[in-house]
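The values are calculated or read from the model by the stated rules, or taken from the named source; none is laboratory data. All of these numbers come straight from a predicted model, not from anything done at the bench. No Cβ is skipped: glycine too gets one built from the backbone with ideal geometry, and neighbour counts run over all protein chains shown. The accessibility values were calculated without ligands, DNA or RNA, using every heavy atom of the protein model including side chains. Shrake-Rupley method; radii C 1.70, N 1.55, O 1.52, S 1.80 Å.
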Amino acid sequence: MQNGRFVEIWVGLFVAAGFAAFFGLAMQVSNIPLFQTVDGYDVHVRFDNIGGLRERAPVTMAGVRVGRVKSIGLDENTYDARVTITIDRRFDRLPEDTSASIYTSGLLGEQYIALSPGGLDFYLRDGDEITLTQSALVLERLIGRFLASMGEGDDND
Amino acid sequence: MLGLLARLGATTISSFQRLGRGTFFLARVLTGLHSLLPRPGLVIAQVYSIGVLSLVIIVVSGIFVGAVLALQGYNTLVNFGAEDALGVLVALSLLRELGPVVTALLFAGRAGSALTAEIGLMKTTEQLSGMEMMAVDPLRRVIAPRLLAGFVSMPLLAAMFSFLGIMGAYVVGVGALGLDGGAYWSQMQDAVDFRDDVMNGVIKSLVFGFVASWIAVFEGYDCVPTSEGVSSATTRTVVHTSLAVLGLDFVLTAVMFG
């Protein structure tokens, strides 16, 4: 057996390296929810159809991430999708008539909410609702419409 | 025909008998664990020979497994124009499966076999009986520190393996294949969940560490005290640990991600 001091130093280094690797995995590789809570205010958005939108999807304005989707629910009176988004506290001057659309990043990428600013001088606050919305593009519905318009075109000829 | 049947039955009964003996052995070791509290030096010395001396093989294979994953994943993903998802692929496969499983298999070959051989030789040279003669319980003095050290070392080794694999994949993917470094990390952080992926991997490696150390010390303690007995016990350690780890991995994966 080696000198006890030598062994202890090596074991100490080993344990430290193990915990450093674990810490690295936690901080660099995964998204610890502890550090991911956006400090901000909640805004409700109604959509006819949210497509494949999921919780924690990004909310952007002009391509810059300003928040995240907090929760998704169904309004049982109007049968609309009721999406709650949390917008970062720093962006507290979004006009009240801001509109929201659901887009897809890339051809097959995940879906996100894009906000485009309106022109009013009143700003969105906690608990407000965005009413100007555009639903997600559902590919099947789009193809269906396209085929229907093709059919009409043939009749005219 | 009858002889064949009789032998099959005898093998089955004796393997159940060994399993039962192993369980009693484990129970006796675990009830003696508290005697280690005043003597942490025994465990530290074993963490050195089990954990620290396994570092080289874990570091080297971690880096290379990550690098190979990056090369292979890139070749497939680039066909779909999805090469930015390489970080997700590498991180999830390492954290969920390859990190715990490959570390456990390397552990069985590097540390488990050494444990079995050491304890088996102690038994063959009658050091264990000698301890009993001096009223020292070998289960507490020899076995318990080794079991505990294996249990402690495995998750640390697996965490290092996964982390180094991800770094190795970064070097290959971003350095050699020309991916965007920002996309590598940001897509990974979006897709990897701390509780679902990182913590489940740690739970897996804790289970594997426990089972691998248990098998290694039991095979050594239970071996036939001859040079042939020690060598066949060492072989059994590696084979049984590998099978147990792969079987348990399937069950754990089905429970965690199924």
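Structure above, values below:
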| read-out | value |
| --- | --- |
| Förster radius 35 Å - calculated FRET efficiency between residue A:42 and residue B:68 (Cβ-Cβ, nearest 0.05) | 0.15 |
| Mean shadow area of the range B:110-258, taken as a quarter of the surface of its Cα convex hull (nm²) | 11.2 |
| Residues whose placed amide H lies under 5 Å from that of residue A:134, excluding near-sequence neighbours | A:100, A:101, A:102 |
| P(r), alpha carbons of the range B:84-125 - 5 Å bins starting at zero, rounded % | 5, 21, 15, 13, 12, 10, 8, 6, 5, 3, 2, 0 |
| 222 nm mean residue ellipticity, helices alone, for the protein assembly as shown (DSSP H n ≥ 4; -39,500 (n - 2.57); rounded to 500) | -18500 deg cm²/dmol |
| Rounded if a/c under 1.5, otherwise prolate or oblate - the range B:21-130, Cα gyration tensor axes | prolate |
| Axial C-alpha extent at least 20 Å, average Kyte-Doolittle at least -1.0 - helices from chain B (DSSP) | B:2-31, B:55-77, B:144-170, B:200-221, B:227-257 |
| Chain B - accessible surface per residue (Å², probe 1.4 Å) | 47 |
| In the range A:66-157, the GluC sites (Glu not before Pro) that fall in loop regions by DSSP, at most 10 other Cβ within 10 Å | A:76 |
| Linear extension gain, residue A:96 paired with residue A:79, 0.36 nm per residue minus alpha-carbon span | 3.7 nm |
| Longest to shortest principal axis, alpha-carbon extents of chain A, angstrom | 95, 44, 31 |
| Extension gain, residue A:23 back to residue A:89 (0.36 nm per residue minus Cα-Cα distance, nm) | 20.9 nm |
| Estimated D of the protein assembly as shown in µm² per second, where Rh is the Kirkwood radius over Cα pairs and Stokes-Einstein applies at 37 °C, 0.692 mPa s | 128 |
| Area projected by the alpha carbon convex hull of chain B, averaged over all directions, nm² | 17.9 |
| Hull-based mean projected area of the range B:59-189, where the convex hull spans the alpha carbons, in square nanometres | 9.0 |
| Mean Cα-pair separation over length for chain B, i.e. relative contact order, pairs under 8 Å, 6 or more apart, % | 32 |
